[in-house]
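Remarks on the structure that follows.
The values are calculated or read from the model by the stated rules, or taken from the named source; none is laboratory data. Predicted model, so just to flag it, every value in this text is computed and none were measured. Glycine also receives a Cβ, built like all others from the backbone with ideal geometry; neighbour counts cover every protein chain displayed.
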Amino acid sequence: DSSYYKVTISSKIYPFNIIEEHHDIDLHFGGHWFPKSCQTEQRLAIIICYRNRESHLKLFLDNIHSFLKQQQLDYTIFVVNQHGREQFNRAALFNVGFIEAIKLYSFNCFIFHDVDLLPEDLRNLYKCGEKPRH
């Protein structure tokens, strides 16, 4: 039954402090979470780029934490915000996110994510295989 894997997505936009309260009980500083009951194979860096889309970012963060926790993943979320009026440069922001992430920890999986996309099925596994995928 595919409904078993369906992810419940909240469409309510909360202020950042409420989002922190939703996930603060087991979320570590800097957007890091890991399961206490098992050792994971991968340490994920999830890099999100945005500019002028705060409502999308709030929805994304509130929903993605629940999804990733259900998959029992060791992950850290990096949000890279482009300031200024220059043309939005998504690729450059992803590069900045990657460079900053590897300074923090030796991640072995990187996921470059759009701020306006949310997973709707738990079978969409957030992990790295042998080859990159889109």
So, in region 1-17, how many residues would count as being loosely packed, with under 13 Cβ neighbours inside 10 Å and either modelled with pLDDT under 80 or over 15 Å from Gln71 (Cβ atoms) (or both)?
10
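Take the residues in region 1-19 that are outside any loop (DSSP other than H, G, I, E, B) and among the aliphatic types (A, V, I, L, M); name whichever of them is nearest to Asp121 (Cα to Cα).
Of everything passing the filter in region 1-19, Ile19 is nearest to Asp121 (Cα to Cα).
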Answer with yes or no whether Gly97 is surrounded by 11 or more Cβ atoms within 10 Å (Cβ to Cβ), at positive phi and either of a type outside the set (A, V, I, L, M) or at pLDDT 90 or above (or both).
no
Could you figure out which of (1) outside any helix (DSSP H, G or I); (2) surrounded by 13 or more Cβ atoms within 10 Å (Cβ to Cβ) isn't true of Asp62?
(1)
Pairs under 6 Å by beta carbon, first residue over 20 Å from Phe29 (Cβ atoms) and touching a residue at least 24 places away in the same chain (Cβ under 8 Å) in region 99-116, partner of a type in the set (Gly, Ala, Ser) and surrounded by 13 or more Cβ atoms within 10 Å (Cβ to Cβ), six or more apart or different chains?
Phe110/Ala45
Applying the selection to region 100-134, what residues are surrounded by fewer than 13 Cβ atoms within 10 Å (Cβ to Cβ) and in a helix (DSSP H, G or I)?
Ile102, Lys103, Leu104
Give region 20-47 a look and list any residue that's at pLDDT 75 or above, over 13 Å from His65 (Cα atoms) and part of a loop (DSSP other than H, G, I, E, B), or say none.
Lys36, Ser37, Cys38, Gln39, Thr40, Glu41, Gln42
Could you give every pair whose Cβ atoms fall below 6 Å, whose first residue belongs to region 53-80 and is more than 21 Å from Lys6 (Cα to Cα), and whose second residue is among the charged types (D, E, K, R) and modelled with pLDDT of 90 or more, counting only separations of at least 6 or pairs across chains?
Asp74/Arg43
Hits in region 59-74 - residues which are more than 12 Å from Leu118 (Cβ to Cβ) and either under 8 Å from the mean Cα position of the chain (by Cα) or of a type in the set (D, E, K, R) (or both)
Lys69, Asp74
